[in-house]
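Data block below; observations after.
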Amino acid sequence: MTTDTSPRGFSRRALLAGTAATLGALAAPPLAAPARAQARTDRPIEVLVLGAGMSGLTAALALQRRGHKVTVIERQARIGGRLLSLPLGDGMFTEAGGGHFRSDMPLVLNYVRHFNLPLLSLNDGLPVYMVDGKTAKSADITNWPWDLTSEERNVTVSANLNRYLFRAGLDTNTVLSPDWPDQDLLDRLDDITLEDLLRPVGASPAFLKLLAANAGLFTPYAQTLSIIPDLAYHFGDQNVFRIQGGNNRLPMAMANALGRGNIVLDAQVVRIDQTGPRIRVGTKDGKEFTGDAIVSTIPFSVMDEVEVTPAWSAGKARMFAEMEWDKTIKVIVKTREPTWLAHNVRGWPMAGGDRPWERFIDITGNEPGGHGSGFFYLNGENADRVLAAPREVRAQQVVDIFQQDLPGLLGDVVSVSDFAWSEQPWIRGSFGSTPVGGGWMVKEWTAPEGRIHFAGDFTTLKTGWVEGAIESGLRAARQIDPEARPLSGAR
Ligand SMILES: Cc1cc2nc3c(=O)[nH]c(=O)nc-3n(C[C@H](O)[C@H](O)[C@H](O)COP(=O)(O)OP(=O)(O)OC[C@H]3O[C@@H](n4cnc5c(N)ncnc54)[C@H](O)[C@@H]3O)c2cc1C
C-alpha cells in the first residue's frame with residue numbers, strides 16, 4: 001500500500017516547502033480572539049481522539065478546555081485530514097480538499113475568527129453551461145436554449161430551485177439547523193432522490209440537468225436527505241471565501257492551540273480493545289495508548305482496517321459497509337491570468353456541463369499573485385475515466401477537452417496536476433453519504449459504541465462540509481462532557 005499523498009504533478013519537495021511556508025506563517029503566536037471563560041471539570045478523564053482532521057481537533061480542544069487530558073492519534077505525518085492546501089507558486093495556494101466556506105457557516109466563521117486568519121473573497125458561481133450539446137451563459141438568462149417550462153424561464157437555477165424546495169415544504173435555511181430533520185421529515189425524505197422530490201412539484205428534466213451542471217452530476221440522483229444541506233450551502237448563500245495561505249492554516253492553528261505534544265503523528269490505529277477498565281488502542285507500528293473514552297473520526301471507508309474487541313454491533317458494522325463514498329478527483333489548473341472574467345463567467349462554478357470535465361471551479365477571487373486558479377471537480381464516471389487513463393496524461397486530457405469545448409476561457413495554462421481522493425489510503429474516497437433508504441444511519445452514528453464516540457463530517461447530514469465536521473466534533477465532545485463548548489461563539 002502506498003502512503004505517498006503527493007498530488008500528481010507536484011513534487012514532494014514543493015509540497016513540503018508549501019507546508020513549511022504555512023508553518024512559517026504560523027510561527028508567530030496566533031492573535032487569538034479572547035476565549036470565553038470555560039469552567040473546568042472536577043472529574044477529568046483521559047480521552048483518545050483518533051484522527052487530526054477538523055472534527056478530531058474540534059473535539060480535542062473542547063475537551064481539553066474542560067480540563068480533560070487529550071491525546072490525538074493521527075495516521076498521517078500531517079495535520080488537517082481533508083483540509084489539504086497545496087502551493088501553486090507565486091504565493092498562491094489551491095485546495096485538494098475543502099476549498100471554500102460560506103457566510104452561513106457560523107461554526108467555521110467562529111473558529112477562523114478565533115485564530116484571526118485572513119480571508120480571501122471568492123465569487124459565487126456565474127457559470128457557462130454546456131448541456132445536451134448546447135452552450136449558454138447563466139448571465140444570459142433570456143436566451144437559454146433548453147426546453148424549460150415557462151415558469152423556469154428568465155429565472156436563475158438558484159431561484160428556481162428555492163421555489164421548488166418551498167413547494168416541497170423545505171427551504172435553504174432551516175435545513176442547516178443542527179437539529180434538522182425531525183423524525184417525520186427524515187421518514188419522508190429518506191427513500192427518495194432529489195429528482196423524486198422535485199419532479200412532482202414542477203421541475204422539468206431540462207432544469208434538473210442544469211442543476212446537475214451547476215452543483216455536480218450526482219445531485220438529482222442523491223438521496224434527498226443528504227443532498228438538501230449541500231444544496232442549501234450552494235444555493236442559499238452567495239458569500240464565498242477561503243483562508244489566505246491555505247485552508248489548512250485552520251487545523252494547524254487548532255493543533256498549535258492544543259499543543260503539538262498532545263498529537264501523535266504517523267500512528268495508524270489498527271486495534272481498539274474496550275473489554276478492560278481502561279480502553280487500549282494499538283497502532284500499526286506497535287505503540288499502545290490507554291484512555292477512558294475515545295472520539296473516533298476514522299472515516300468509515302477505512303474502518304475495516306481496525307480490529308475492535310468486542311466486535312462492532314450489527315448496526316455499526318452495517319453502517320460502515322453501506323455508507324456510500326464518492327471518489328472525487330480535482331484537476332488543478334493555474335493560468336497566466338483569470339481570463340474567464342473577461343467572458344463574464346466566474347466563481348464556484350465558472351463552468352458546468354454534462355461533459356467529461358463536469359465543472360470548473362474558479363477559486364481565484366482576490367488572491368494576490370495575478371494568476372488564475374481553479375480546478376475541475378470530477379465525480380462518478382468522469383472520475384473513473386481519469387483514473388483509468390495513464391498518469392502522465394490523465395489530468396491534461398481533461399483540460400484539452402475543456403479547451404476544445406469552450407475555447408479561450410482558460411487562456412494560457414501555466415500548470416496542470418491532479419489529486420485523486422480514492423487513491424488516498426487513509427480514506428479511499430472523498431465524502432461519505434447515506435444511500436437512498438439509509439436514513440437509519442443518522443441515529444446509528446450518533447450512538448456511542450461502548451466508550452467509543454463517533455465524529456467526522458460523515459456522521460452528519462452536512463457531509464462534505466467543514467461545518468459538519470466541527471458540529472460532529474462538538475457533539476462527540478458533549479457526549480463525553482455535556483459542558484464542552486466551541487472555542488468561541490454561542491452555539
Ligand atoms: C474534494 C473535497 C472537496 C471539499 N470541499 C469542501 C468545501 O468546499 N467546503 C467545506 O466546508 N468542506 C469541503 N470538503 C469537506 C471538508 O474537507 C471536510 O468536511 C473536513 O475536512 C472533514 O474533517 P473530518 O475531521 O471530519 O475528517 P478528515 O479530515 O477526513 O479527518 C479524518 C482523519 O482521520 C485520520 N485517520 C484515518 N484512519 C486513521 C487511523 N486508522 N488511525 C488514526 N487516524 C486515522 C486521517 O488521516 C484524517 O486525518 C471537501 C472535501 C473534499 C474531499
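Write down, largest first, the equivalent ellipsoid semi-axes of the stretch 125-237 in whole Å, where each equals the square root of 5 times an eigenvalue of the alpha-carbon gyration tensor. Don't jump to the answer; show the numbers that get you there.
Numbers: eigenvalues 127, 37, 30 Å².
After diagonalising the Cα gyration tensor, the semi-axes are 25, 14, 12 Å.
Using a 1.4 Å probe, what is the accessible area per residue for the chain, in Å²?
38
When DSSP beta bridges are limited to those with both residues in the chain, what percentage is antiparallel, rounded to the nearest 5?
Bridges in the chain are about 70 percent antiparallel.
Per DSSP H run of at least 4 residues, take -39500 (n - 2.57); add these up for the chain, divide by its residues and hand me the 222 nm value, nearest 500 deg cm²/dmol.
-9000 deg cm²/dmol
Does anyone have the angle between helix 224-235 and the longest principal axis of the chain? Alpha-carbon axes, 0 to 90°, nearest 10?
The two axes meet at around 70 degrees.
Over the chain, how many pairs of lysines fall under 25 Å by alpha carbon, counting only those 8 or more apart in sequence or from different chains?
Close lysine pairs under the 25 Å cut-off: 17.
Looking only at the stretch 183-215, which residues have a backbone nitrogen under 18 Å from a spot 7 Å from the Cα of Asp171 in the C-beta direction?
What the label zone holds, given the 18 Å backbone N cut-off, is 185.
Go ahead and run the numbers for FRET between Ala77 and Asp304, Cβ-Cβ distance against an R0 of 25 Å, rounding to 0.05. Display every interim value, and only then the final one.
On the way: r = 22 Å, r/R0 = 0.90.
For R0 = 25 Å, the calculated efficiency reads 0.65.
Based on the mean of other Cβ atoms within 10 Å per residue, sort peptides 333-342, 425-434 so the most packed one is first. Don't skip to the answer; put the middle values down first.
Working: 333-342: 18.5, 425-434: 21.3.
Ranked from most to least packed, the peptides come out as 425-434, 333-342.
Give the Rg/Rh ratio for the stretch 195-310, taking Rg as the radius of gyration of the Cα atoms and Rh as the Kirkwood radius, to two decimals. Could the numbers behind the result be given before it?
Working: Rg = 21.7 Å, Rh = 18.8 Å.
Expressed as Rg/Rh, it is 1.15.
Just the Kirkwood number for the stretch 381-489, please: inverse of mean 1/r across all distinct Cα pairs, in Å, one decimal.
Computed over Cα pairs of the stretch 381-489, the Kirkwood hydrodynamic radius comes out at 17.5 Å.
Report, to one decimal in Å, the Kirkwood hydrodynamic radius for the stretch 343-435 based on all distinct Cα pairs.
That comes to 14.5 Å for the stretch 343-435.
Using every alpha carbon pair in the stretch 372-416, what percent of pairs falls into each 10 Å bin from 0 up to the bin containing the largest distance?
It works out to 24, 57, 19, in whole percents.
Please give the peptides 438-445, 51-58, 404-411 ranked by average Cβ packing (other Cβ atoms within 10 Å per residue), highest first, as a rough proxy for protection.
Numbers: 438-445: 18.9, 51-58: 30.5, 404-411: 15.4.
The peptides rank, most packed first, as 51-58, 438-445, 404-411.
What's the extension gain from Ser313 to Ser150 if we count 0.36 nm per residue and subtract their Cα-Cα distance?
This chain segment gains 53.4 nm when fully extended.
Points 7 angstrom from Cα along the Cβ direction at Lys287 and Gln404: gap in nanometres?
Rounded to a tenth, the inter-label distance reads 5.0 nm.
What number, in nm² with one decimal, is the all-direction average of the projected area of the convex hull of the alpha-carbon atoms of the chain?
Projected over every direction and averaged, the Cα hull of the chain covers 22.0 nm².
Quick check: with the 1.4 Å probe, what order do Tyr221, Tyr377 take by accessible area, largest first? Kindly include the intermediate steps, with their values, before the conclusion.
Values: Tyr221 150, Tyr377 35 Å².
Sorted by accessible area, descending: Tyr221, Tyr377.
Where does the Debye-calculated log10 I(q)/I(0) of the stretch 284-360 sit at q = 0.17, 0.23, 0.25, 0.27 Å⁻¹, using only Cα point scatterers of equal weight, no solvent?
Taking Cα atoms of the stretch 284-360 as identical point scatterers yields -0.83, -1.22, -1.34, -1.42.
Report in % the part of the accessible area of the chain that belongs to carbon and sulfur, leaving out ligands and nucleic acids; probe 1.4 Å. Could the numbers behind the result be given before it?
Values: 9760 of 18790 Å².
Carbon and sulfur atoms account for 52 percent of the accessible area of the chain.
The values are calculated or read from the model by the stated rules, or taken from the named source; none is laboratory data. If you're wondering where the values come from, they're calculated on a predicted model, not measured in any experiment. Cβ atoms come from the backbone with ideal geometry, glycine included; neighbour counts cover every protein chain shown. The accessibility values were calculated without ligands, DNA or RNA, using every heavy atom of the protein model including side chains. Shrake-Rupley method; radii C 1.70, N 1.55, O 1.52, S 1.80 Å.
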